[in-house]
Amino acid sequence: MERPVYQPIGTPVERLDTPALVVDLATMEQNIEALHSFFRSGPARLRPHVTPHKCPTIAHLQLAAGGTVGGISVSRVGEAEVFTSAGFSDILVASEIVTRPKILRLCSLAHRSRTTVAVDNPRNLRDLSEAAQSSGVTLHVLVDINVGMDHCGVEAGRPALDLAKEATRSQGLRFAGLMAQLSQPSTIEGEWDAGKAIQPVLDTRELIERAGLEVETVSVGVTNDYEIVGAMKGVTEVRVGSYPLMDYSHCQYVGTRHASPPRPSARVLATVVSHPTAASAIVDAGHKAIGPDLGLPVLEGIAGARVTRLSAEHGILELQGDAQHLFDVGARVWLIPWDLGLCVNQYNYFHAIRDGKLEAVWEIAARGRTD
């Protein structure tokens with residue numbers, strides 16, 4: 001378990017002990033402003049999906065930026081508990097919750113906040129209804145529609161309508177609307193039509209409304225194409241995740257779509273601990289510090305150097321050309337995580353810097369809450 005190494009505010013970033021997860025505040029604030037400005041003027045509102053960063057301090061900054069529904073979304077009940085305790089009063093658990101212990105925890109949260117949960121199964125509805133009634137609370141439910149991820153979700157059209165009808169008949173529950181999670185292309189090549197992907201959800205909304213039911217919310221989870229989905233008539237909120245901090249994988253796609261794309265504000269600061277050959281160097285950030293399951297981190301700003309593999313504790317760099325002379329033992333390097341969520345989950349704290357100096361240390365309070 002990581003322990004904080006408290007250093008005075010104003011400490012130059014180069015003096016932080018490593019490996020350290022560092023967020024540049026100016027870049028993060030620019031990322032937040034760029035995205036929230038779209039939702040402040042658009043028909044849909046933003047519901048920040050806070051699972052990638054797991055940090056209540058950042059989530060409060062997101063809601064303060066405006067253009068939101070006033071609430072957040074998470075992936076796990078454990079995360080919802082952390083953020084409820086941190087003062088958030090409107091939380092969507094954008095996952096199906098089916099075990100009785102977790103359902104009872106949802107009901108406990110509903111005593112303190114508006115708690116919404118995804119559903120795609122009649123049995124789950126019955127279990128949620130029974131627990132809500134016995135707990136004396138109301139759980140809001142969104143019918144989850146599968147729009148191509150082949151993950152969770154009921155099919156659009158009649159199956160979603162039938163589930164919505166059952167939700168309206170279920171005591172202790174309130175049918176709040178529909179939700180969907182859009183898949184993203186694995187590469188920047190090829191055609192990707194987010195509008196076409198989400199149309200079945202909007203058609204289902206019309207079907208349900210024609211049946212006499214109110215669809216208050218249509219919540220769509222997407223990061224890269226938020227501006228397309230957020231402009232579609234009938235979508236009421238968009239769940240966007242990685243934008244405050246970004247990571248290398250999202251930058252590869254978003255950078256092709258926006259004139260001023262968000263940039264990585266969270267990076268791992270590492271130290272060169274060995275330079276065994278001219279063509280290689282070793283840094284003190286390995287698998288445990290990066291979470292590289294979906295891709296290796298990328299060295300920032302050093303041509304001719306790349307991460308080739310990671311052991312548990314170390315990163316192995318391949319060096320070519322002038323880069324062979326830039327990695328003396330003790331030198332600092334910056335690593336951009338491939339996937340933000342997997343990296344952040346390795347740490348308990350962000351080191352927040354401004355103008356190259358430490359401004360704050362923020363707890364990643366929902367780190368490890370996979371329950």
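The values are calculated or read from the model by the stated rules, or taken from the named source; none is laboratory data. Values in this document were obtained by computation on a predicted structure and should not be read as measured data. Note that we place each Cβ from the backbone using ideal geometry, even for glycine, and neighbour counts take in every protein chain shown.
Data table
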{"quantity": "Pairs, first modelled with pLDDT of 60 or more in the range 1-17, second acidic (Asp, Glu), C-beta under 6 Å, six or more apart", "calculated": "VAL5/ASP17"}
{"quantity": "Residue within the range 167-183 that is assigned to a helix (DSSP H, G or I), free of Cβ contacts under 8 Å to residues at least 40 places away in the same chain and either more than 22 Å from LEU46 (Cβ to Cβ) or of a type outside the set (Val, Ile, Thr) (or both) present", "calculated": "yes"}
{"quantity": "Filter pass, GLY78 being of a type in the set (Gly, Ala, Ser) and over 17 Å from the mean Cα position of the chain (by Cα)", "calculated": "no"}
{"quantity": "Of residues in the range 202-234 being among the aliphatic types (A, V, I, L, M), at pLDDT 95 or above and more than 30 Å from VAL344 (Cα to Cα), the one surrounded by the most Cβ atoms within 10 Å (Cβ to Cβ)", "calculated": "ILE208"}
{"quantity": "Sole exception among (1) assigned by TED's automatic domain parsing to the domain that holds GLY195; (2) in a loop (DSSP other than H, G, I, E, B) for VAL218, by number", "calculated": "(2)"}
